[in-house]
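Worksheet for the structure shown next.
Values in this text are rule-based calculations from the coordinates and carry no lab data. Note that this is a predicted model, so its numbers are computed, not measured. All Cβ positions, glycine included, derive from the backbone under ideal geometry; neighbour counts span all protein chains shown.
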Amino acid sequence: MEEQQLPEGQEPVQEEKHVIADYFDGVKQLEMQTHEDGIKKARNSLFVVGALAFIGEMISISDVPGGYNAITVGVALLIAGIFVALGFWTKTKPFTAIITGLIILVLYWGLAIYVDPQNIFKGVLVRVVIIVFLVKGLKDAKAWEDLKKQG
């Protein structure tokens, strides 16, 4: 094969393709980083929910006759552990982890309100803030997973 001579100062077309591909890879990385920030906030919200659930359960248990025993503490640890595990799961499957966390959170709060209707007024501001972070994180997680699928 004969090598094609280019006029002086002109680079091969293949080099231009690498430059364009590198540019788009950089843009994609920047976009993914932006979405990762939203996912990180949702992840931290899941960790906070786990901690607050554990603390809340411990306070509730202290008001019950017979209070702390292995079963009640175990249930509190299980509830907190679910949210912490979902927080770690956001590193690999953020959309699935966040949507699962939202569903479990709503069910958990629904159960708390069913057990004691006065729970509907407790921690409303914290609940709203957590849901806002999780919903925003959900959008970022979906966009991040879509970008990741594009390759």
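Structure notes:
- Pair-distance profile P(r), taking every C-alpha pair of region 13-150, with 10 angstrom steps and integer %: 12, 34, 25, 15, 8, 4, 2, 0
- Residue 129 versus residue 114: modelled label distance in nm, points set 7 Å from Cα along the beta carbon direction: 2.9 nm
- Sorted on the mean count of surrounding Cβ atoms within 10 Å across their residues, most packed first, peptides 129-138, 40-49 read 40-49, 129-138.
- Between region 58-103 and region 106-151, the Cα center-to-center distance that results, in Å: 14 Å
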